[in-house]
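Only one structure is covered here, and it is reproduced in the block below.
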Amino acid sequence: MSASAASSAASLSTARFLRGLVVPLIALLAWELITHYKLANVHLLASPSAVLKNLTFQIEEGELFSQLLASLRRDLTGFLLGSFAGVLFGSALGLWRIADRLLGPSFDAAKQVAVFAWIPLISVWFGNAEPAKIVFIALAAFYPVVVNVHEGIRSVSREHVEVARAFRFSRLQTFKKLILPAALPSIFSGLHLALIYSWLGTLGAEYLLAPAPGIGNLMIEGRESLAMDKVLLGVILAGLVGFSLNSVATRAESYFLRWRVRNA
Amino acid sequence: MAQVDLAYKIATADAALDSIPTEPRASESRAIDYRNLLRPALGWLVPVLTLAVWSVAARREWVPPQILPAPGAVWQTLLEQVRSGDLFLNFGISLGRVAVGFALGCLIGVALGVAMGLSRRVEDYLAPTFNAISQVPVLGWLPLAMMVLGIGESLKFVIIAHASLVPVAINTLKGIRSVPRNYIEVAEAFQFKKSQLLRRVVFPATVPAIFVGLRYGLTQAWLSLVTVELLASSEGLGFMIVWGRQLFQLDLVLSAIIVVGVVGLLLDRGLARVEKRLLRWRPVWDMTGAGS
Amino acid sequence: MSQSAVIDIRDVSKQYTVKNEVLPVLERLSLTINPGEFLSIVGASGCGKSTLLRLLVGLDREYQGEIRVGDQQVTGTSLDRGIVFQEHRLFPWLTIEQNVGLGLENSPWGEDKKKQAIKEHIELVGLTGFESAYPHQLSGGMAQRAAIARGLVNRPSILLLDEPFGALDALTRSRLQGELQNIWQREKITMILVTHDVDEAVYLGDRVVVMQPRPGRIRKVVAVDVPHPRDRSDPSLKALTEEVRAEILHVSPSN
């Protein structure tokens, strides 16, 4: 590429990047203006500056980090539990047609019920404390893992299966050497989604079940004392953690799946 | 755009699961018809077994009846709800919300997908924000939405619309993007105007992808509806679940959950049927140009 | 290297049932393939040549008649019968070296012997230096060469090739045909090639089996008595190619 071509390509990508910032900046500005001048009848919104103030307060006096850690610990436990169960269940569905026929329809039906709808039942069956929250988070992680693992295993191409047959692979060999690696991208997709949903499940569980240290707790306290800046702070923090988890997952995915060609 | 791929994959996965061959089978001798009868019967085995165990557990009172009401009680409650009209009221409200929210979401979703797909400029402006918003599942926006919109009907419509528009937009965008270059070049060779190109080539090729998005969007709409009703409503199926819990009437909770599950299943299967029929009459477009 | 054995195909028939209609694919096909020979099977689409190959490999077990290798019935796949498909079917998450090594997964050899065999066969197909590459980094021709190496690495006595060069461009095809001939001369195993390319069939084969479709039957077996290595411009090759082509098109050859 010549120097002028390279620089015009660079300025094009800069232009594209800047264009992308337009909408978020407008939104931020609108947010500040609306809350500051009380322009619209926005019920309970706090201004960005108020949120920022609360943030510093929380870090100094509200033990923000321990709250965050508590949430993350809960999240991880539920995520691991749910993902593990999900991988087992999804693999069963994918590997044995009979399992798919028996369990598939029931799972499909259960999938139609929003995860949060189970909270009332969970709160009765498991109480309101830590175990109930973990069960719920695990449930949130379970669904996407099952769907993706199932799809990943089922979409192993027939052509490759024939290669395994030509080399007389045993069932175990076929699983280890063909099905598992071929399904890995889908498994990672499932785990990625599970990570996102389990974080949301964590917040939901903290908010809806018994109060305990955590980001959700921040929101509960804020709601109870009608301190909207606190609630909003909780929301933003939750969003940031979710965003970071997402980035970590994306990065892990591209690392483990280096051999993949990026199509489309 | 990992989330884009994710959403697309899941959406197409459900659609594709029916057609994937697993083990190489003797495709020649398929005269045995009982196999087709047996398959749906197997699917009922687990629910029936669960029902049986549940009945026994309730009768023997392995768990107190407040925690696990007998299936008979749940059925009675369901009938009562139907008789008193409560069920239809709540069901109607829920369905109405989904209808409005889903329609809204589809319109906006298709519009967004088309706009971003056809114009790189528009994509530059909208895509980063759209990606950020779509990466956060609907639930994440709920607290914020409640703050801004309160807990009225508009909250439900917005949430449901959001939930539907994300997969619809993503799939529409992908659909437009993956129209094979070959077809576009044919249109160019025949001097098609831009409008002709869009009408005769791009849109017909995109319809299957849009449908995949619609199916996934409907599922998401139903899920988010129930969730919003759980958390911020005083009527509807989701509310029934919470209300039953507050009254410690688990039979109410369970009957509501069952209705939610069944309706969701019917909606999904119904749309799948429509999709099959609609797309069977259309010429088969090869969508694998981009190596999907 | 195991001893090449005679392949005996006797009265083989196969049908497909599609929606209560019976479609015959192969009808009472009989053929004997001699050890170490290069047999080409050629014919128009739908003549069942690929189906026959799949029966030989053992990927398909539903048929009437008998297929024997030596004195053993073919009842499934075997490490003694290698196959190269039209698509390379390499595993995308494995390097070329690992892909070729796939053929030795169930081999009783020791690690050293396996490593040696892999190295030799990568060299045989001219892919030295690409051992650590992934399939998507190779061209179509190179990937297909890797597939050939994979098919040969555990030294089967028979190699079956199902339109191996069909997906490649003409120049690559030409080059790989020559390479395949060299490999065959070196390894001296039985090779059975299915193709729709008449030139390829005659250039490579000791005998060319011409099949006709609906139902699949052998129309004629043409012997190609031209010594290896062959020259494409050889007039006797050209004459034989015309003869085979005429057979396929049901036209009597002009004299």
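No value in this document is a laboratory result; all are computed from the given coordinates. It should be emphasised that the depicted structure is a prediction, and the values quoted were computed from it without experimental measurement. Note: ideal-geometry Cβ built from the backbone for every residue, glycine included; neighbour counts use all protein chains shown.
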Quiz item: Could you give the Stokes-Einstein D for region C:109-154 in µm² per second, using the C-alpha Kirkwood radius, 20 °C, 1.002 mPa s?
Solution: 199 µm²/s
Quiz item: Taking Cα centroids, how far is region B:174-207 from region C:152-182 in Å?
Solution: 39 Å
Practice problem: Normalise the Cα radius of gyration of region A:71-175 by 2.2 N^0.38 Å (N = residues in it) and let me know the number. | Solution: 1.33
Quiz item: In deg cm²/dmol, rounded to 500, what helix-only [θ] at 222 nm does the protein assembly as shown give when every DSSP H run of at least 4 residues adds -39500 (n - 2.57) and the total is split over its residues?
Solution: -21500 deg cm²/dmol
Quiz item: Once the Cβ-Cβ distance between B:Leu42 and C:Glu105 is put in as r, and R0 is 35 Å, what FRET efficiency do you end up with, to the nearest 0.05?
Solution: 0.50
Quiz item: Residue by residue through region B:83-94, which ³J(HN,Hα) values in whole Hz follow from phi under the Karplus form 6.51 cos²θ - 1.76 cosθ + 1.60 (θ = phi - 60°), with glycine and proline marked x?
Solution: 4, 6, x, 4, 4, 5, 4, 5, 4, x, 4, 4
Self-check item: Distance cut-off 30 Å, percentage of C-alpha pairs in region A:48-256 lying past it
Solution: 34 percent
Practice problem: Give the order of C:Asp8, B:Asp251, C:Asp71 when sorted by the count of other beta carbons within 10 angstrom, beginning with the fewest. | Solution: C:Asp71, C:Asp8, B:Asp251
Quiz item: Taking every residue in C:126-136, how many Cβ atoms of other protein chains lie within 10 Å of its Cβ, on average?
Solution: 1
Self-check item: Directionally averaged projected area (convex hull, Cα atoms, region C:185-255), nm²
Solution: 5.3 nm²
Practice problem: Obtain the nm distance between the two label points defined at B:Ser119 and C:Thr128 by a simple spin-label model: each point lies 7 Å from its Cα along the Cα-to-C-beta direction. | Solution: 5.9 nm
Self-check item: chain A: relative contact order in percent, alpha carbon pairs under 8 Å with at least 6 residues between
Solution: 23 percent
Exercise. Using per-residue counts of other Cβ atoms within 10 Å, averaged over each peptide, order B:87-93, A:87-93 from highest down.
Key: A:87-93, B:87-93
Quiz item: What average number of partner chain Cβ atoms lie no more than 10 Å from the Cβ of the residues making up A:150-157?
Solution: 4
Exercise. Could you list C:Thr75, B:Thr227 in order of exposure, starting from the residue whose Cβ has the fewest other Cβ atoms within 10 Å?
Key: C:Thr75, B:Thr227
Quiz item: Got a sec? How would A:Ser244, C:Ser233, A:Ser123 order by Cβ neighbour count within 10 Å, fewest to most?
Solution: C:Ser233, A:Ser244, A:Ser123
Quiz prompt | Calculated P(r) tail over 12 Å for region B:137-192, as whole % of Cα pairs | solution = 72 percent
Quiz item: Measuring from centroid to centroid over Cα atoms, what is the spacing of region A:208-264 and region C:1-31 in Å?
Solution: 61 Å
Quiz item: Quick one: Debye curve from the C-alpha atoms of region C:1-126, no solvent, what's log10 I(q)/I(0) at q = 0.20 Å⁻¹?
Solution: -1.24
Quiz item: In whole Å, what is the distance between the alpha-carbon centres of region B:63-98 and region C:184-255?
Solution: 76 Å
Exercise. Enumerate the whole-percent occupancy of each 10 Å bin, from 0 to the last occupied one, for all C-alpha pair distances of region B:83-282.
Key: 9, 30, 30, 19, 9, 3, 1, 0
Quiz item: Given C-alpha coordinates of region B:105-181, what is the ratio Rg to Rh with the Kirkwood estimate of Rh?
Solution: 1.04
Quiz item: Bin by bin, in steps of 20 Å, what percent of the Cα pairs in the protein assembly as shown do you find, going until the bin that has the longest distance?
Solution: 13, 38, 31, 15, 3, 0
Quiz item: If each Cα of region A:165-216 is one equal point scatterer, what is log10 of I(q)/I(0) from the Debye formula at q = 0.30, 0.32 Å⁻¹?
Solution: -1.02, -1.07
Practice problem: Per residue, how big is the convex hull around the C-alpha atoms of region C:100-255? Give it to me in cubic angstrom, could you? | Solution: 138 Å³
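Return the average number of partner chain Cβ atoms within 10 angstrom of each residue Cβ along peptide B:73-85.
0
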